1. I'd like to know which of Gln167, Ser187, Gln137 lies farthest towards the positive end of the charge dipole of region 91-230, counting +1 on Cβ of Lys and Arg and -1 on Cβ of Asp and Glu.
2. I need the phi-derived Karplus couplings for region 189-204: 6.51 cos²θ - 1.76 cosθ + 1.60, θ = phi - 60°, integer Hz, Gly and Pro marked x.
3. Around Arg52, under 12 Å between beta carbons, what's the net of Lys plus Arg minus Asp minus Glu among the other residues?
4. Give me Rg over Rh for region 102-237, both radii from the alpha carbons and Rh done the Kirkwood way, two decimal places.
5. Using a 10 Å cut-off on Cβ atoms, rank the peptides 186-192, 146-152 from the highest mean neighbour count down.
6. Which percent of Cα pairs goes in each bin when the distances of region 38-119 are cut into 10 angstrom slices starting at zero?
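What follows is calculated from the coordinates using simple rules that are stated; it is not laboratory data. Here the structure is a predicted model, which means the values were calculated and not measured. Positions of Cβ are backbone-derived with ideal geometry, glycine not excepted, and every protein chain shown enters the neighbour counts.
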Amino acid sequence: MPAEAHRDKAAEAAKPDGPAKADKAAKMEAGTTTRTSPASPLTERQEARRRRILRASARLAGRGGFDAVQMREVAESSQVALGTLYRYFPSKIHLLVATMQDQLERMHGTLRKEPPTGETAAERVAETLMRAFRFLQREPQLADAMVRALTFADRGVSPEVDQVSRQTTAIILDSMGLEDPTPEQLSAVRVIEHTWHSALITWLSGRASIAQVKIDIETVCRLIDLTAPSSASKDSG
């Protein structure tokens, strides 16, 4: 069936008296077209459309949390067809995880303009992660929606989850001032990422205070000093 016919069917189903049919038609249309993933080269127009979708997702999540992010509302808010939205993001989980990656990327840009001032790598990473934490703290419902999406993500969302991890790693390595980390340092970074993510969950659920989060972050960041090449050579000596 030609693409125009698919669009016509989706548009017909999108009438007010058939929202369920519209969703089904949009997903069918999305299934007939190759998915536009974040890893694929995007044209300038596609990138602009993707940015609109992510901004709409962040706005809706910021106002009402995870449940407020409905694909139909995201499509309307970003002024794209529902079928187009599903081509970019096959599910709400894909969308919210990509939203987190986008938020971290924005955060990374801010941190580069105002780098941490700690004397040691551990101090700089702790300062950076606490600044990132406070950035998310300003919009707790958005933070909760993104973290819940990460928690719910299955293997089908692995590319988006991997992007979040890579972005977090880049933020930590930048604050450390490292371009060529050792395997031991990368292992320490992974543990720090896990702790930061866990701290977000416990804070969002009301099981940890900001003060406790700060202590946990500062404690885990000491792994950076323990895995520094100078420390390793001293231990072997």
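1. Gln137
2. Computed from phi, the couplings for region 189-204 are 4, 5, 5, 5, 4, 4, 5, 5, 5, 5, 5, 4, 5, 5, 5, 4 Hz.
3. That sum, taken over residues with Cβ under 12 Å, equals +3.
4. Ratio of gyration radius to Kirkwood radius: 0.97.
5. 146-152, 186-192
6. Whole-percent P(r) values from 0 Å outward: 17, 47, 24, 10, 2, 0.
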